[in-house]
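Shown next, in structure tokens, is the structure this report addresses.
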Amino acid sequence: MDRIGSLLETSVEQIDAALQARRRAAAELSESLSLLETQYQLRAMARGLRTKFRRSFEDSFRRRTEPAPAGDADADESCLLPAFGLSTPADIEVAPEVIELSAPLIEATSAELAELRPRVAWLTGHETLDDKHDPLGPVAICEAVLELCSELAGAAENRALIKQMLMDSVRTALAALFAETSAQLAASNVPPTAGRSPAPAGDLLTSGGDSMEATTEPAAPQQPSRPAPAHSGTALQQALAGSPPGAATLSLQGRDFPLTHGTDALENILRNLLTAGIGERLDDDERMIVDVVASLFDYLFDSASIPRPIKLLLARLQLPILRLALADHDFFADRQHPARRLLNLLALAGATWDGEITPDSALHREASRLIVDIERHSARDSGVFARARQTLETWLAEQERMADERAATLTDKLVQRERVQIATREAEAVVAPIRADSTLPESLRQFAGGTWVKVLTHAQQAGGSNGPAWREATAALQDLVWSVQPKYDTAERARLARLLKPLLETMRACMDRAGIDSETRDAFFTELVRLHAAAVKAGMSGAPARQVAYRGDAEPEPDPGGEFEVDMLGRGDWIELREQDGSVRRVRLTWISPARTLYLFANRQGQRAVALTREELARRFTTGEATAAGEDTLLGRIVDDALDRHGNES
């Protein structure tokens, strides 16, 4: 699954680049807009794509399998991860679209399927498997990919285009993946012949696995299944239960194993126990559980995103987590297990905490309090993990709420700033053709681009673009421009004479409301007398009037660049900002202005807020100074990833 998920992520990037090239080369505006919409849909779908595909494929796999029947001889066998007793349901409905899109995949992998499918059939205990019942086949994979696409909206042709391009990319790598899976099964002595296996196959697909990987014991079909080992976990569990927090040794079967963990030491004590030989006193299941939990903490300790003070707190959970894992195998099977979610939350909170974490930090104090409670009570009460997880979730949510409140103190000023920016842009858009018209007097063009932009900006803020003040100011500007153009006949000169008094009164009122000083106003009115005299004189001379030249919209549309990423942001999203000194700040989007021109970010504590305009934020995304940082990036599923990785390497 991990291979396909990674392939899909790469394919999305390639598809996006191809769509971008096609959009730039599009001859028709309608085609360009259609491709632009397709890019938006693709990028929205791509967020957390690998995780979403993993879940979709697991659902597709389970739809084709059922748990082992009750009363099976091996039903009580202890196992690290949940086993699937595989038996094909009587019938499975497959959507016509799945059948259509999976057909090229089946054709492209026919040789590899001929080798792989009999082995899968043997494992599932069936004589044969057809395309729609194969839990690892192209139809199951196609279903998972199409499930990803179910969140797509927009035009049907855009959705179809994305689906087809994704399936084309999967087809290129599927044959090699099937061949490798078949080789792994062969190495585990799974025969390439159909027929019922004499015992359940074990884990054909682990619950949290990231790849298609057989996990059966190497055994020939004619051999009886291996009996479940005697579960001698009580000795280790009793030893752990009798080890108080901070104990220097762990006593097991007459031998003391050192626990060299200190307040300032970041050590994997479970790995140390295995190195010291504790595995020799454990059965296979216990030894594997200790190894998996040790690998989990290796993964946490090696993460560059988790601050050391948080790692030191996590290190204190090694023995409590091991004790829990020995007693409750759901820790490995259930992604929503309270202890797993607690580790995820601690890792995520540490990774997103802005600034140095010290014993006096609010996060450190809260986490330390919860860990002390776990150390004291987890030996007798496993429910302490669920309570700690709920407490931490509530505390983090309260921190975010208070951070939003602190950031909200800035929003009134930011809203006013945005209104001024919007009003100024609209005013400048009205004046732009006048400033670009070289036939108009330079003094008028300067007045329009300076003073009258301020008048229009004030009018827009007072009542919007449809308000009376805006209509009055734009009408006065149009009359002003007409008044300085040459007057070629008596009717035009008569109209100018009638227009002058109300025009000057309207302009005076507009400038007074906008706060334009009297010196600026009177200086332009003096200049206007000269301009009107020149207009009448030019008309009487009979010189032809030149047409006003307006700039068209033939300029190519600028590449939106990082605007795609900006459009996908929502309140609560995390991003990483790269500073000039190379450091990286993780900040949370706490507020978006009504017109989406300003974005306010703050750290988890609601401090060090930074407001970025849409243009600046898009620029940073384009240059790589800003990157999206979803939960997956910020270790939201770090425990799942660690356990999945260990399962694939086992």
Task: Accessible-area value, Asp489, 1.4 Å probe, nucleic acids and ligands omitted, Å² - done: 70 Å²
Open item on the list: Just to verify a number: FRET efficiency for Arg530 and Arg417, C-beta to C-beta distance, R0 = 45 Å, to 0.05?
Closed with: 0.70
Open item on the list: Suppose a student asked you for the relative contact order of region 474-539, using Cα pairs under 8 Å spaced at least 6 residues apart; what percent would you report?
Closed with: 62 percent
TODO: Lys and Arg at +1, Asp and Glu at -1: add these up for the other residues within a Cβ distance under 13 Å of Leu496 and post the number.
DONE: +3
Task: Order of exposure, largest accessible area first, which applies to Glu115, Glu519 with probe 1.4 Å - done: Glu519, Glu115
Task: Size of charge dipole - region 383-524 - debye, nearest 20, with Cβ of Lys, Arg +1 and Asp, Glu -1, no other charges - done: 160 debye
Open item on the list: Which order do you get for Lys487, Lys132, Lys537, Lys163 if you rank them by accessible area with a 1.4 Å probe, largest at the top?
Closed with: Lys537, Lys132, Lys163, Lys487
Open item on the list: Run the simple label-point estimate for Tyr40 and Asp512 please: 7 Å along Cα→C-beta, distance reported in nm.
Closed with: 4.6 nm
Open item on the list: Starting from the 7 Å offset along Cα-to-Cβ, what nm value, one decimal, do you get for the label separation of Asp298 and Ala26?
Closed with: 5.0 nm
- [ ] Would you tell me the accessible area of Glu280, worked out with a 1.4 angstrom probe on the heavy atoms of the protein chains, in Å² to the nearest 10?
- [x] 150 Å²
Task: Reach of Lys501 by Cα under 27 Å, taken over lysines that are not fewer than 8 positions away in the same chain - done: Lys454, Lys487, Lys537
Task: Where labels lie 7 Å past Cα in the beta-carbon direction, separation of Ala235 and Arg55 in nm - done: 4.3 nm
- [ ] First select every other residue whose beta carbon is under 12 angstrom from the beta carbon of Ala175; then total the charges, Lys and Arg +1, Asp and Glu -1.
- [x] -3
TODO: Determine how large the accessible area of Tyr488 is when every protein chain is in place; take a 1.4 Å probe and give Å² rounded to the nearest 10.
DONE: 80 Å²
Task: Per principal axis, descending, Cα span of region 358-485 in whole Å - done: 93, 29, 19
Task: Local net charge near Met165, Cβ-Cβ under 13 Å (Lys/Arg +1, Asp/Glu -1) - done: 0
TODO: Could you tell me which of Ile374, Ala388, Gln399 has its Cα farthest along the dipole of region 371-428 towards the positive end, charges placed at Cβ (Lys, Arg +1; Asp, Glu -1), taken about the Cα centre?
DONE: Ile374
Task: Exposure rank, largest accessible area first [Arg619, Arg445, Arg571, Arg323; 1.4 Å] - done: Arg571, Arg619, Arg445, Arg323
Open item on the list: Rolling a 1.4 Å sphere over the protein heavy atoms, what is the accessible area per residue of region 232-350, to the nearest Å²?
Closed with: 39 Å²
Task: Residue-span extension gain [Arg498 to Arg387] - 0.36 nm each, minus C-alpha spacing - done: 31.7 nm
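The values are calculated or read from the model by the stated rules, or taken from the named source; none is laboratory data. Model, not experiment: these values are computed from the prediction. All Cβ positions, even for glycine, are placed from backbone atoms using ideal geometry, and neighbour counts span all protein chains on display. What goes into the accessible areas is simple: the full protein's heavy atoms, side chains included, and nothing from ligands, DNA or RNA. Shrake-Rupley method; radii C 1.70, N 1.55, O 1.52, S 1.80 Å.
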